[in-house]
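Below: one structure, written as structure tokens.
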Amino acid sequence: MATKKSKANRRRKFIFVVGGVMSGVGKGITASSIGVIMQARGFKVTSVKIDPYVNIDAGTMNPTEHGEVFVLKDGFETDQDMGNYERFLNVSLSSDNYMTTGRVYLSVIEKERNLKYKGKCVQVVPHIPLEVISRIEKAAEKEDADVTIIEIGGTVGEYENVLFIEAVRMMELQKPDDVTTVMVSYLPLPSILGEMKTKPTQHAVRALNSNGVQPDVIIARSSKPLDLVRKEKIALFCSVRTKNVISAPDIESIYDVPINFEKDKLSDILLKCLKLAPKKASDLSEWKKFVNKTKTATKEVNVAVVGKYFSSGDFVLSDSYISVIEAIKHASYSQGAKPKLTWLSAEEFEGEAGKKNLKTLLNYDGVLVPGGFGSRGIEGKLAVIRYVREHKIPYFGLCYGMQLAVIEFARNVLGLKDANTAEIDPNSKNLVIDIMPDQKKKMKEENYGGSMRLGSYTALLEKGTLARKAYGDQEHISERHRHRYEVNPLYIEQIKKGGLVFSGASPDGVLMEIAELPEKVHPFFLATQFHPELQSRPLAPHPLFVEFIKKSLLRKNT
Ligand code: GLN
């Protein structure tokens, strides 16, 4: 009883993070870093991300358009920012920590149908913002958080997120001492002027003011540090204290951001805004230890990632694989190495010309094939997998990267020339990868959203295998999934006999979770049906990534 009461009486605090001027300037990293510095003051912190699009979740969006889909433990498919929160805060979040316009409207409409508004006229204002507020409060309560950081997607002044800003205004009105707003803004430095301009930020704050919200803190993002003249100007025109204008210049590593914020005493400023007494002096020692490793690493590990979601017009994007990249970094730094990542487009390895390119794979210490969908680039990926298997280059396959490794093995070792996945050729005679039975019906009904095998499932690891060793001889593991297809049970015995080991499987033995080659055959050829990258953290690198990097470093040295 006592704990229940103290939980209910707890005064929870809320920090809203909004963006001004333009998108893509690091609102997510700012919000995550604020989380880190508040944790370092002894508070329990959680995060909420609000995305302004009408999609119910991020699952149906093309990764080249919206970046990676990050899957939470309960299977909810979200924006990549959720990954930043989990990595920075070293926590696991749930669907309560994420909402979109679509999801908020859907639940208001469902409540209306269920007479939950007791005959009232249900209106965009106040009912939508009230639903937003109740979701924020629910997340705070569920995680029993002292401080909840809420990132509002989009930029102030646009139509899409007005109702979320309205929720900020209403929440501030309800709890004036418990809510504060941080604006992440951008200061351009036009080369023809050679001077940093504050006017766009002034306009952004005015736009926010017109929605009834005044920021307490402005994070001034720019290519260079902000000088005192500019700080004072922003303070004067935007009605914030000079010391609440924080200079946030471009830096080499996102991991430096929390440390830089504390140089400007940002946690003290936020505590003051929230009328919150500090629990302890800032202790960022663990975080600093990790950051130090990223700086002192001297050797290099050369990893090639073979994928397809790289290009957007003339630009190369790596956002679609952000968790994979981060997981490689965490593992590399833990081994005292700096990762050098090379993006290889799978299509470069197709056809006659592609064959010649395969030799270039010898230049890498390790090769990774991440998750994916559809048929583009598949033959290229299969050629790469064959080459690294035959040339004993460390190989790590994730999800599609495991299914393709099984197909490659069936084709070239078992001699099943037409081995395939039902995703590409449902008529192939040898579907070594097939659709899961419960997925067939969903596909027939065109039920695509949130309908894959999603979220955390337990797997059992086989004794004496590479995987089991990497996990420190653990028998049970829990990893996150996102797939519709699986190793076809009809082929398991034949594949095993051919020499591929299924070192991890679902507890009922039906679904194959990890495939590997014995260490005496290949130094590291391992692939997972799940996505280990989703659970790698700077302060807790994922064991399979660590093993992959260790073996890649070994190849480098021999
Ligand atoms: N396309 C494959 C499937 O749906 C793999 C998915 C993935 O790599 N996330 O099973």
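Arranged from fewest to most other beta-carbon atoms within 10 Å of their beta carbon, His481, His66 become His66, His481. Solvent-free Debye calculation, one equal scatterer per alpha-carbon of the chain: log10 I(q)/I(0) at 0.10, 0.11 Å⁻¹ equals -0.89, -1.04. Each of Leu526, Pro426, Tyr491 was scored by the projection of its Cα onto the charge dipole of segment 407-558, and the greatest displacement toward the positive side belongs to Leu526; charges sit on the C-beta of Lys, Arg, Asp and Glu.
Applying the Karplus relation 6.51 cos²θ - 1.76 cosθ + 1.60 with θ = phi - 60° to segment 332-342 yields 3J(HN,Hα) values of 5, 4, 5, 9, x, 10, 9, x, 10, 9, 10 Hz, where x marks Gly and Pro.
Can you tell me the dipole magnitude for segment 355-457 around its Cα centre, using point charges on the Cβ only (Lys, Arg +1; Asp, Glu -1), in Debye to the nearest 20?
Working: 16 positive and 11 negative charges, 58 e Å.
Approximately 280 debye in magnitude.
About its Cα centre, the dipole of the chain is roughly 1420 debye, where the only charges are +1 on Lys and Arg Cβ and -1 on Asp and Glu Cβ.
Counting neighbouring Cβ atoms within 10 Å and putting the fewest first, the residues Lys329, Lys417, Lys381, Lys440 line up as Lys417, Lys440, Lys329, Lys381.
Relative contact order of segment 100-258: 16 percent, from C-alpha pairs under 8 Å at least 6 residues apart in sequence.
For the pair Lys118 and Lys496, the difference between a 0.36 nm per residue extended length and the Cα-Cα distance amounts to 130.0 nm.
Students often get this wrong, so check it: of Lys308/Lys550; Lys355/Lys440; Lys44/Lys175, which have C-alpha atoms separated by over 30 Å?
Values: Lys308/Lys550 26 Å; Lys355/Lys440 36 Å; Lys44/Lys175 19 Å.
Violating the 30 Å limit, Cα to Cα: Lys355/Lys440.
Here's how it looks for Glu479: its modeled amide H is under 5 Å from those of Tyr457, Ala459, which are all 5 or more places away or on a different chain. Look at the dipole of segment 1-140 built from charges on Cβ: of Thr60, Ile136, Ser95, the Cα furthest out on the positive end belongs to Ile136. Can you figure out the FRET efficiency of Ser285 with Asp508, using R₀ = 41 Å and their beta-carbon distance, to the nearest 0.05? E(calc), rounded to 0.05, equals 0.40. Look at the dipole of the chain built from charges on Cβ: of Phe43, Cys399, Ile514, the Cα furthest out on the positive end belongs to Phe43. Expressed as an acute angle from 0 to 90° and rounded to the nearest 10, what is the orientation of the C-alpha long axis of helix 285-296 relative to the principal long axis of the chain? Result, in degrees: 60.
Sequence-ordered 3J(HN,Hα) estimates for segment 541-558 from the Karplus curve with 6.51, -1.76 and 1.60 and θ = phi - 60° stand at x, 6, x, 6, 5, 4, 5, 4, 5, 4, 5, 5, 5, 4, 4, 4, 7, 10 Hz, glycine and proline given as x. Neighbours of Glu326, meaning other residues whose beta-carbon lies under 13 angstrom from its beta-carbon, give a summed charge of -2 when Lys and Arg score +1 and Asp and Glu score -1. Counting charges near Arg376 (Lys, Arg +1; Asp, Glu -1) among other residues having Cβ under 15 Å from its Cβ returns a value of -4.
Can you sort Arg87, Arg389 by how many other beta carbons sit within 10 Å, fewest first? Kindly include the intermediate steps, with their values, before the conclusion.
On the way: Arg87 24, Arg389 19.
Lowest count first: Arg389, Arg87.
Backbone amide hydrogens, once placed in the peptide plane, bring Tyr98 within less than 5 Å of Lys49, excluding anything fewer than 5 places away on its chain.
Around the Cα centre of segment 52-174, unit charges on the Cβ atoms of Lys, Arg, Asp and Glu (plus for the first two, minus for the last two) sum to a dipole of about 640 debye.
Neighbours of Thr30, meaning other residues whose beta-carbon lies under 11 angstrom from its beta-carbon, give a summed charge of 0 when Lys and Arg score +1 and Asp and Glu score -1. Helical runs (DSSP H, four residues minimum) scored at -39500 (n - 2.57) apiece and divided by the length of the chain put the mean residue ellipticity at 222 nm at -11500 deg cm²/dmol. The alpha carbons of segment 450-558 give a radius of gyration and a Dmax of 14.2, 46 Å, in that order. Viscosity 1.306 mPa s, temperature 10 °C: Stokes-Einstein D of segment 250-354 from its Kirkwood Cα radius, in µm² per second? It diffuses with D of about 94 µm²/s by this estimate.
Each value in this text was obtained by applying a stated rule to the coordinates, not by laboratory testing. Worth saying up front: this structure is predicted, and the values here are computed from it rather than measured. Neighbour counts are summed over all protein chains in view; Cβ atoms, including those assigned to glycine, are modelled from backbone coordinates with ideal geometry.
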